[in-house]
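Readers should treat all values here as calculations from the given coordinates under stated rules, not as data from a laboratory. Predicted model only: the values in this text are computed from it and were never measured. All Cβ positions, even for glycine, are placed from backbone atoms using ideal geometry, and neighbour counts span all protein chains on display.
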Amino acid sequence: MVARRKKRYETGEASKYLSRKQALAKLQLTLKDFRRLCILKGIHPREPRSRKRAQKGNLNQIKTLFYEKDIRFLLHEPIVKKFRDFKIFLRKIKTASDKKNQESVDRLRENKPKYSLDHIVKERYPSFVDAIRDLEDCLCLVFLFSTFPSCPKSPNASVNLCRRLSIEWMHFIIEARALRKVFVSIKGIYYQVEVMGQTVTWIVPHNFAYDTSAKVDMRLLSIFTEFYTTMLGFINYRLYHNLNLKYPPVLPSGAALGDEDDEIKSERVAALNQSLARTLTGEEETVLDTILDEEQLTEAKKRADEITRLSTLFKGLKFYINREVPREALVFMIRSFGGEVSWDPIIAGSTFKEKNTSITHQICDRSKESMGELKVGRDYIQPQWVFDSINNRELLPTHKYFIGEMLPPHLSPFIADRRIGDYAPPEEVNLFQSSESTAKEDEEVDDVEMEDEEDLSEEEASDDEFDKTKSMKVEEGKSESINKDEEKKKLEDEEYRLRVMMIKNKHRGLYKSMMKSRNRRTKEANLLTKKRQEYDEKTKVSSNKKKKAP
């Protein structure tokens, strides 16, 4: 028996891919439903190694290709049946409305087919940590959708759901004291939190009124929002139960009045200014799964002390927010670090009035003349003080942030390491130098203590030896001055020169291009440094002239 000869493009890379047209024919779906299904299941087009083989030799047009195994995976998806049921539902609605049978239309609308995305969330994220790792895009889109106006492209129910989930997420961050970094930019406010050992960063747009652009496909975004709202709902539920908080969030029985409407209660919860009701009182002790050695234990203890000190940064401080300041962002940050905050009692959620004498800081963003009479005993500061204090992990002096003062530059805390030759502002350099100097001082104190102990032991040993060798004569030697920094630099330069000599010929071109770009960055940084020095000198001269003027 002769084996059948395989034809060309039946095996190999050609058999791994399907075009979008072939996928639609195999699934028997429209392009609209296929796009929705791919977004919900997390399937996206692939780029083959050889497009000629993948497209079976046809290169007249570039096709959208998918893995054949992904399309087979979609064949068994229960949502596909729901899509077909929905088509039948629309056909029945049209028939009933054409016959002007309103009773049938109402009955059909009540039995409208619906589908659930719970099983898809579980398929895409088998473990809870996987969902936390993939939370950044989810939070960015949910917070963005919560600011949209209600329109046909962004329904009111979807906007309200995103708003509710975003408030629940912020309440969890406040209760867990998980906020680590903040930064204000033109795009919005960046937040970075630490949840279950995972770092999550997202952006919240500024609270401005705007219209939806025709260039943005809102229908496509709404599909992503449909999946992300389901995902964030599951995550919030799990995180709330980890902290023994009631879900959905409610205020304690003493915080809310019994005769309040549901709308007023939801407004008080959305104010982010009161703690939530708990299912259990008291904190559970954390148990370590693995036994750590001594070094890891000291590092973990140091890290825990640092987080505890950061989470109580604003503890004991009372803030009052003026009407012109964006309230929600500041309340979220201040309460995440243990502070108390309030605002005008006309708005729901305020806890104390402006006349309260225990207020330590009043945040305002207007001129000094329009403030009227200033109260003694509190600092009138601009909002940037809160951001900079969080990023510096200490309470900064308030005199640079008084109303009417020229604010210092707002530095990004997300720039961990710069490339060699990149420009760094003087404020950032001073900040890192101060942090390094404090660390060096601590190390020097430890070294001095160790040296003192060694000197004592050496003196004791020398006394014993002196008793034995009294007849020996010791002559005074001459000390040689050695510059340790110069010796260290010479050694580093010699090691660097040897490393350059060891570069292979095939990598030498890459090394030269790297050094060329590094030298270009250095020149640009030197130019910017020179411009900054000239600007500082001009501002210094102008300030001196203003002081001398009568």
Ignoring chymotrypsin sites (Phe, Trp or Tyr not before Pro) buried by more than 11 other Cβ within 10 Å or outside DSSP loops, the longest site-free run in the chain is 1-207
Rounded to the nearest 500, the 222 nm mean residue ellipticity computed for the chain from DSSP H runs (n ≥ 4, each -39500 (n - 2.57)) alone is -17000 deg cm²/dmol
For the chain, longest principal axis from Cα atoms; helix 156-176 axis from its Cα atoms; angle between them, nearest 10 degrees, is 30
Note to self: C-alpha centroids of the range 226-251 and the range 94-128 sit apart, in Å, by 25
Among beta bridges assigned by DSSP with both residues in the chain, the antiparallel ones amount in percent, to the nearest 5, to 70
Between the Cα axis of helix 426-468 and the main Cα principal axis of the chain, the angle (0 to 90°, nearest 10) is 50
Rounded to whole angstrom, the alpha-carbon centroid of the range 149-222 lies from that of the range 354-426 at a distance of 25
Rounded to the nearest 10 degrees, the helix 218-242 long axis (Cα) sits at an angle to the longest Cα principal axis of the chain of 60
Taking a ≥ b ≥ c as the square roots of the eigenvalues of the Cα gyration tensor, with a/c under 1.5 meaning rounded and otherwise prolate when a/b exceeds b/c and oblate if not, the range 95-167 is oblate
If the chain between residue 101 and residue 514 were fully extended at 0.36 nm per residue, the gain over the current Cα-Cα distance would be 141.2 nm
Gyration tensor on Cα atoms of the range 118-270, a ≥ b ≥ c root eigenvalues, a/c under 1.5 rounded, else prolate if a/b beats b/c, else oblate, says rounded
Phi-derived 3J(HN,Hα) across the range 194-208 with the Karplus relation (6.51, -1.76, 1.60, θ = phi - 60°), rounded Hz, x for Gly and Pro, is 10, 10, 6, x, 10, 8, 10, 10, 8, 10, 10, x, 5, 7, 10
A student applying the Cα gyration tensor rule (rounded when a/c is under 1.5; otherwise prolate if a/b is larger than b/c, oblate if not) would label the range 38-192 oblate
Which of (i) 1.36; (ii) 0.95; (iii) 2.06 gives Cα Rg over 2.2 N^0.38 Å as computed here? It is (i)
Toy charge model, Lys and Arg Cβ at +1, Asp and Glu Cβ at -1: the chain dipole around Cα centroid in debye, rounded to 20, equals 7220
